[in-house]
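Below: the structure, in structure tokens.
The values are calculated or read from the model by the stated rules, or taken from the named source; none is laboratory data. In this text, all values refer to a predicted model and were calculated from it rather than measured experimentally. Note that each Cβ is placed from the backbone with ideal geometry, even for glycine, and that neighbours are counted across all protein chains shown. Areas reflect the complete protein model, heavy atoms only, side chains present, ligands, DNA and RNA absent. Shrake-Rupley method; radii C 1.70, N 1.55, O 1.52, S 1.80 Å.
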Amino acid sequence: MTPTCRGVSGRTRSFRRDTPRAVLTRPKLHPLALKRACRLQGIAAVLALLSGGNAVAQDFRVEPYLQNPSSDAITIRWLSETSDGGSVSIDGRVIASSPTEATSLDYQAAEPSTERFTGVPWLHTVRVTNLLPSTSYNYSVAQGSTTKQGTVVTPITSAASSGLASGSGVRLFVYSDTETQPESRTSRVAWAEPAGANRPAWVGGQYVATETEGYTQNLAIVAQRAAEAQSLGRATMIAMPGDLVESGGEQRDWDEFWRHSAGPSGTVATSTAIVPGLGNHDNYGGPGALGGYSSAAAVAAVDKYQTYFEVPDNSASHADHTGRYHRVDFGPVTMLTIDSSNGGTQATVTDTNYFLDNAANPQIPDYMPGSPQYQWLEAQLHSARTEGQVVFVQYHHAAYSVGPHGYPAGSGAGFDTQSGQPLRVLTPLLDAYDVAAVFSGHDEMYEHSIVDGIHFYDVGASGDGLRGPQADLTNPYQEFLAHTDAPEIWSGDVLASGGKHYGHLEIDVLLSESGLWNVTITPAYAFPVLSPANPGEILSWERRTYDDVVTFVAVPEPSTLLLLTAGCVTAIFTSLFPRRTSRSTSTRPLPEDRGLTSARSPAAVVKMLIPRARSSVG
């Protein structure tokens, strides 16, 4: 029996997701799609379906969204249809915008003629300064005859902030590989069946919902959980380690991205800032005449990305590297974003993208030891740890994976031309500075590994692929893989529990009553509740979590280190060493013993004095 989910005939793409895709012809709209859209998503979804997605725009092409968050400032951006100025009202102030024509956001001639706006939009950027830390502000944006509203909650100043109440802190969300495109509205991806799943025949190897519906429900959970945190005075932030859109050079795909983040299908970015990273798809112009991975196409694609996003200055010596890697301090957390688009030596075991020619793409920074980006990373790690921050890192290519990019870099059987393995070169450096976790995507699955006490996550199952493992690959560091560790339990035609679904990480960093920072990393997902009477029909969605919650404790003050051993607390007073994150019981060699630095860093001295405590993974 064929599924009736969404009332739209689904299909699996025949192309590989990380190679040029064929342009899909959108099928004729099934009448049942209107009924389900009205019931599950409201009139906006109906209008989007009837108009092909881009309803006649009014004043806003992209509604207000937050960027570049800090404890005392925020950037509010939006895109308008005309060159008329708008204004932001916040904290008793009215700040006028000075729009600029966003010429990089034009459509390529070779893009399909459907799903287009008319002309290029105008970009408005307002930097709001002199805000108070840990404070909630309502704001409104007026553009033409339309006013949109949102909320800003600023984070505390840093991990070393004093006088904070227990429960203070921040909430982060991490997800990647959304790979938005208009075609996703009627496309369902392959859904590899785990051993012993005993699925009903109607499933047919495809996920029960379209990519767009799964992504929409995933973001709805993020928005709800962000609002709950903000109601408690906790600032929220979204980190996205790459592959935001299917083709970075296709404007239609970017339109689809913002339709879900700051538009008619969702406004999560209106009150929660997105901190992005670059993935291979964001460097990809599009299939065929759209340019693929040619140098010109890669430059134009990233121009679109950089037009939308504002990130802190990285002081790169190469002007084209500005904005491609960056640091965001968000209360007690430092998020370091690395550009892993292309590194190492062309077409060797150190190359993450054989299709991006190194010599022809000097705008892409290398990340190998000795490169400017690597040196920047080490300097930021040292600075953040010295300041007592909990440090997270995001880059696109998952270094430890059983997905299709988990093979060594190379061509032919047993290799991959867009491998994540070259990123393993960064692990010793991250280990030396006690990085808490690394977030990646690329393989489009939920996989959690622990290497040298660092938690590595593939969070690429957010709105596009839901891949299973490669049969001939193993990952000795793997702690959890949704495909095998969340077994599907079916009751007739209803999935009762388990399975691979669209989701994200939710991270709480909260101050305990004892003055320590408690960090909890929870993998959450949108679970489809199926009809027992009509196989394949989705009645509703629920937020569920995988049995892979991680907790650990971090010391808040950089001037004091707490040693927790056998229930005995020993205080070590020093002003020289950074706070560390507790994860494992092993002591490790100093950075200079592994050729990382020529001088003993504060982090290295800490390792000589203090073993790690084990985190709780359950």
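Rank-order 413-426, 60-73 by packing density, defined as the average count of other C-beta atoms within 10 Å over each peptide's residues, highest first. List each step's numbers first, then the result.
On the way: 413-426: 18.9, 60-73: 21.8.
Answer by packing, highest mean first, reads 60-73, 413-426.
Suppose every K and R has +1 on its Cβ and every D and E has -1 on its Cβ; what is the size of the dipole of the range 217-339 about the Cα centre, in Debye to the nearest 20? Kindly include the intermediate steps, with their values, before the conclusion.
Details: 7 positive and 14 negative charges, 65 e Å.
It works out to roughly 320 debye.
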*Per residue, how many Å² of accessible area does the range 308-369 show with a 1.4 Å probe?*
33
*How high is the relative contact order of the range 61-200, in percent, counting Cα pairs under 8 Å that sit 6 or more residues apart?*
24
*What percent does the relative contact order of the range 428-568 come to when contacts are Cα pairs within less than 8 Å and at least six residues apart?*
16
*List, largest first, the extents of the alpha carbons of the range 331-408 along their principal axes, each in whole Å.*
39, 30, 17
*Cα-projected label distance for SER231 with ARG424, points at 7 Å along beta-carbon direction, nm*: 4.6
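Any idea what the relative contact order of the range 185-306 is, in percent, if you count C-alpha pairs under 8 Å spaced at least 6 apart?
Numbers: 169 pairs, mean separation 27.4, N = 122.
After rounding, I find 22 percent.
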*What residues have an amide H closer than 5 Å to that of VAL391, excluding those fewer than 5 places away on the same chain, when H is modeled at 1.01 Å from N in the peptide plane?*
THR334, ALA436
*Extending each Cα 7 Å along its Cβ direction at ASP547 and ASP84, get the distance between those two points in nm, one decimal.*
5.8
_For a Förster distance of 30 Å, can you work out the FRET efficiency between the beta-carbons of THR118 and ARG93, rounded to the nearest 0.05?_
0.35
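Quick one: putting +1 on the C-beta of Lys and Arg, -1 on the C-beta of Asp and Glu, what dipole do you get for the range 285-413 around its Cα centre, in Debye to the nearest 20? Walk me through the numbers before you get to the answer.
Numbers: 4 positive and 11 negative charges, 42 e Å.
With Lys and Arg at +1 and Asp and Glu at -1, about 200 debye.
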*Counting only residues 5 or more places away or on other chains, whose amide H sits under 5 Å from the amide H of HIS396 once H atoms are built in the peptide plane?*
SER340
*In nm, to one decimal, how far is the modelled label at GLU101 from the one at SER411, with both set 7 Å along Cα→Cβ?*
4.3
_Listed peptides 178-184, 381-387, 145-151 by packing density, highest first (mean Cβ within 10 Å)_ = 178-184, 381-387, 145-151
*At 0.36 nm per residue, minus the direct Cα-Cα distance, what do SER371 and THR147 gain on full extension? Give it in nm, one decimal, please.*
76.0 nm
*Residues of the range 132-159 with amide N under 13 Å of a point placed 7 Å along Cα→Cβ from ASP72*: 132-134, 157-158
*Accessible area of TYR325, 1.4 Å probe, to the nearest 10 Å²?*
10
